[in-house]
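Have a look at the structure below, then the notes.
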Amino acid sequence: AGIIGAKGNNGCGGSGVAPEVNLISIRVLDARGYGETSDIIKGFNEAVSAGADVVNMSLGGSAYSEIFEKAVKTAYNSGVVVVCASGNYATNGQYFPASYDHVISVAALDKGNGRAYFSNYGGNIRYSAPGESIYSTSVGSSYSYTLNSGTSQASPMIAAEAAILLASGKVTGSGSTRVKNLIKLMDAGSVKLSGTGLGKGYVSLPKALGISASASKPAKPAFSVKAGTYGKASL
């Protein structure tokens, strides 16, 4: 939630990727990070019913669920963008819900924009985002902000970018067409990376929005002096 929508000017010197987003936070895992698939499906459907435009799931496992995949397809057909962490097992194997159809699977990058050593990779990956030593809000700690690493940190960055692009007015259509058009826009704004198994690379918001990120050199100032009588300045 912090990576997606932490407010700016909060005394910590930063903010989430989309600080003006409306967050719907639904807990589906226990304090250890474990949960039943049935609870995750219930929470997912609750988010869709609440009107979420984008659902981020920084979770997953090796067990396939036909019911879960059908829920994702239903959400996709209604225009909901589903973004998931690809997993932290350094494999190109199947990981769910990231491997379901109609899910945007996100790999994690290290500080050098290469694949983080722990990140899953392969043909199932759509995009990549920073996932190493990410500073953000924390729950269940004596500190309110901590550093964490994982595809769970990378996934919300892509989800937040999706929310910004949806709010930009550049994405048209409804239902699954809206999701397809959003992905086309994100693909057009993506920057290919040198590593393999990282999908389209990372998504550059300025590129996707058609905004120049470069600073232009200011014009040389012009002065015009005319003959006349001028007063003296006092110091």
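The values are calculated or read from the model by the stated rules, or taken from the named source; none is laboratory data. Computed from a prediction, not measured in an experiment: that's the story for all the values here. Neighbour counts run over all protein chains shown; Cβ positions are idealised from the backbone, glycine included. Just the protein is used for accessible areas: all its heavy atoms, side chains included, with ligands, DNA and RNA removed. Shrake-Rupley method; radii C 1.70, N 1.55, O 1.52, S 1.80 Å.
Within the group I158, I134, which residue is of a type in the set (A, V, I, L, M, F, W, C) and within 25 Å of I41 (Cβ to Cβ)? When all the criteria are applied, what remains is I158.
Taking region 1-13 as the range and being surrounded by 15 or more Cβ atoms within 10 Å (Cβ to Cβ), assigned to a loop (DSSP other than H, G, I, E, B) and not aliphatic (A, V, I, L, M) as the test, the residues that pass are N10, C12.
Among residues of region 174-187 that are at negative phi, those with a Cβ under 7 angstrom from a residue that is open to solvent by 30 Å² or more (accessible area, probe 1.4 Å) and among the β-branched types (V, I, T), sequence gap 6+ or separate chain, pair up as N181/T172.
Which of the numbered conditions does A85 fail, given that it passes all the others? Conditions: (1) in contact (Cβ under 8 Å) with a residue 40 or more places away in the chain; (2) on the phi > 0 side of the Ramachandran plot; (3) among the aliphatic types (A, V, I, L, M). Every listed condition holds for A85 apart from (2). In region 44-61, which residue that is open to solvent by 60 Å² or more (accessible area, probe 1.4 Å) and either modelled with pLDDT under 95 or in a helix (DSSP H, G or I) (or both) is nearest to S138 (Cα to Cα)? Among those that are open to solvent by 60 Å² or more (accessible area, probe 1.4 Å) and either modelled with pLDDT under 95 or in a helix (DSSP H, G or I) (or both), it is E46. Filtered by the rule that a residue be in contact with a Leu (Cβ under 7 Å, 6 or more places away or on another chain) and either open to solvent by 30 Å² or more (accessible area, probe 1.4 Å) or β-branched (V, I, T) (or both), region 162-184 gives I164, L166, S168, K170, V171. Listed conditions (1) under 16 Å from K200 (Cβ atoms); (2) of a type in the set (G, A, S); (3) assigned to a strand (DSSP E or B); (4) open to solvent by 10 Å² or more (accessible area, probe 1.4 Å) are all met by S128, apart from (4). A single entry from I41, I24 fulfils the requirement of being free of Cβ contacts under 8 Å to residues at least 40 places away in the same chain and not in a loop (DSSP other than H, G, I, E, B): I41.
Filter region 88-103 down to residues that are touching a residue at least 40 places away in the same chain (Cβ under 8 Å) and farther than 25 Å from S174 by Cα and give me whichever is most open to solvent (accessible area, probe 1.4 Å). Result: N92.
Yes or no: S136 touching a helix residue (DSSP H, G or I) at 6+ places or on another chain (Cβ under 7 Å), outside any loop (DSSP other than H, G, I, E, B) and touching a residue at least 60 places away in the same chain (Cβ under 8 Å)? Judged against the criteria, S136 is a match. If we scan region 104-123, do we find a residue that is surrounded by 16 or more Cβ atoms within 10 Å (Cβ to Cβ) and without any contact (Cβ under 8 Å) to a residue 24 or more places away in the chain? For region 104-123, residues surrounded by 16 or more Cβ atoms within 10 Å (Cβ to Cβ) and without any contact (Cβ under 8 Å) to a residue 24 or more places away in the chain: present. When restricted to residues that are open to solvent by 50 Å² or more (accessible area, probe 1.4 Å) and on the phi > 0 side of the Ramachandran plot, region 134-155 contains 1.
Residues in region 68-86 that are in contact with a helix residue (DSSP H, G or I) (Cβ under 6 Å, 6 or more places away or on another chain) and open to solvent by 30 Å² or more (accessible area, probe 1.4 Å): N77 only.
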